[in-house]
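What follows draws every value from the coordinates through simple rules; no lab data is involved. Just so it is clear, the structure is predicted and the values come from calculations on it, not from any experiment. In this analysis, Cβ positions are derived from the backbone assuming ideal geometry, glycine residues included, and neighbour counts consider all displayed protein chains.
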Amino acid sequence: MPELPEVETIKNTLKHYVINKTIKEVSVYWPNIIKHPDDAEQFKLILPGQTIRDITRKGKFLLFQLDDYVLISHLRMEGKYSVHKTIEPIKKHTHVVFAFTDGQELRYNDVRKFGTMHVYTKGDEMSQKPLSQLGPDPFDEGFTFDYFYQKLKKTERVIKTALLDQTIVAGLGNIYVDETLFRANVHPLKRSSKLNKKEIRSIQCQAIETLEEAVKQGGTTIRSYVNGQGEMGMFQQNLFVYGQENKPCKKCGKPITKMKIGGRGTHVCKTCQKN
DNA sequence: TCTGCTGTTAAACA
DNA sequence: GTGTTTAACAGCAG
C-alpha cells in the first residue's frame, strides 16, 4: 500500500495525535514485526519512559524520534497506524500497541504482517539496516540530476525496475513509478543506460511533481490505505495509467495496456510511451 | 475449492 | 551485476 505520499500523509496526521506523548507500556502480539533489537522482549523493555518528540520520514520509512532512540517503521503492503483510548477494543490484525501515560494508545495494524520495526540508539539509525543502503528521498537535496543520471547510466536494468530500487531513489512504488513513466513519456521496458539526458531529467521532474500532487491529495487509496485518522486518499482520481487497464488513455484515447515487468503489474500507454 | 492477484522487500539461486 | 523464484501473510475476485 503505502508509498512516499501515503507515508508522508500518515506522518502529518499522526503527528497531531502523538507528539509529546510518553510511552508507558508496549505490547507485541506478532513478534516477527520486530527486527531490531533481535528480541521483541528487549523492544518492549527499552521504550517505556520515552517521549515521542517528532515523526519524520525517509523514503517509505516512518521515523519516530524518541528521547534516546529512533523507531523506524515500514508499513510494507498494508500497515496502518491509529490512535485510540485504551478502553477501546483491539481490532483484528493489531500486532503492536504503544500505550501512553495519558490513557491513549498508538496501535499498529497489518493484515499481511509484512511490516517491520527497528529501534536504534539515536544517531546509529543511518548506519544500520534498513536505512543504511537507502538512496536519497525525492524531496531531499541529495536527489540531484547528476546523481540520478550517474545511477541510471550504469545499470542495465529496465527503467521500471530501476525506479523501484530503493537504493537509487527512496519512496517510489508500483503506482507512482507507472504514473511517473507515463507522464515522462518513457516506456517502462526502456533500458536505464540507454536513456538520454532529456528523458532522465523528465523522469526526475515528473516523479517529484507526481509525488507532490499525491501528497496534496492525501495519497492514493486503492484497496485499504487510510491515513492516521482513518481517512482515505484522493489521488486515485488523478491516476493516468495505474489500474486503468483497457480504459482509454487520458492523452491519446487508445486503451491502456497491462503487462508484467520484473514480476510487477505494469500499466502503459503504448502510443504515448515509446521504447 | 482452487488459482491467481495485490500498494513491499530480502534472500536464495542460476 | 542481473533476472527469477520464493517467502513472509491474508483477503478477495473469478
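Under the classification rounded if a/c is under 1.5, otherwise prolate if a/b is larger than b/c and oblate if not, where does region A:4-133 fall, given a ≥ b ≥ c as square roots of the Cα gyration tensor eigenvalues?
rounded
What does the extension gain come out to for A:M232 and A:D146, with contour length at 0.36 nm per residue minus their alpha carbon separation?
27.3 nm
Please give the peptides A:168-181, A:112-125 ranked by average Cβ packing (other Cβ atoms within 10 Å per residue), highest first, as a rough proxy for protection.
So the order, starting with the most tightly packed, is A:168-181, A:112-125.
Quick one: Cα centre-to-centre distance for region A:168-211 and region A:119-148, in angstrom?
Between the Cα centre of region A:168-211 and that of region A:119-148, the gap is 20 Å.
Cβ under 10 Å from A:F114's Cβ, A:F114 left aside: what net charge do those residues give with Lys, Arg +1 and Asp, Glu -1?
+1
Along the Cα→Cβ direction, 7 angstrom out, place labels at A:K24 and A:I46. What is the inter-label distance in nm?
Calculated label separation equals 2.4 nm.
Report Rg (one decimal) and Dmax (nearest whole number) for chain A, counting Cα atoms only, units Å.
My reading of the Cα-based Rg and Dmax gives 19.7, 59 Å.
Assuming a ≥ b ≥ c are the square roots of the Cα gyration tensor eigenvalues, decide whether region A:137-275 counts as rounded (a/c under 1.5), prolate (otherwise, with a/b larger than b/c) or oblate.
Cα axes put region A:137-275 in the oblate bin.
Could you tell me which of the pairs A:K160/A:K250; A:K21/A:K44; A:K24/A:K58; A:K60/A:K113; A:K153/A:K258 are separated by over 23 angstrom between their Cα atoms in the structure shown?
Correct reply: A:K24/A:K58; A:K153/A:K258.
Residue separation times 0.36 nm, minus the C-alpha to C-alpha distance between A:R53 and A:M77: what's the value?
6.0 nm
Excluding residues on the same chain fewer than 8 positions from A:K254, give the aspartates and glutamates whose Cα lies under 15 Å from its Cα.
A:E245
Counting only the backbone N, which residues of region A:192-222 are under 15 Å from the spot 7 Å out from the Cα of A:K274 toward its beta-carbon?
Those under the cut-off are A:195-200.
If you add up the charges near A:G103, with Lys and Arg at +1 and Asp and Glu at -1, over every other residue whose beta carbon is less than 13 angstrom from its beta carbon, what do you get?
With Lys, Arg at +1 and Asp, Glu at -1, the neighbours total -1.
As an exercise, use a Förster radius of 22 Å and the Cβ-Cβ distance of A:K153 and A:E213 to find the FRET efficiency, rounded to the nearest 0.05.
That gives a FRET efficiency of 0.20.
Treating cross-link reach as a plain straight distance, find the aspartates and glutamates whose alpha-carbon is under 18 Å from the alpha-carbon of A:K91, omitting any fewer than eight places away in the same chain.
A:E78, A:E105, A:D110, A:E231
What is the local net charge at A:M259, summed over the other residues whose Cβ is closer than 14 Å to its Cβ (Lys, Arg +1; Asp, Glu -1)?
Value of the local net charge: +4.
Which pairs, out of A:K35/A:K80; A:K190/A:K270; A:K15/A:K92; A:K80/A:K247, put more than 21 Å between their alpha-carbon atoms?
A:K15/A:K92; A:K80/A:K247
Per DSSP H run of n ≥ 4, the term is -39500 (n - 2.57); total these for chain A, divide by its residue number, and report the mean residue ellipticity at 222 nm rounded to 500 deg cm²/dmol.
Counting only the DSSP helices, I get -7500 deg cm²/dmol.
Applying 1/(1 + (r/R0)^6) with R0 = 51 Å to the Cβ-Cβ distance of A:K129 and A:K247, what FRET efficiency is obtained, to the nearest 0.05?
0.80
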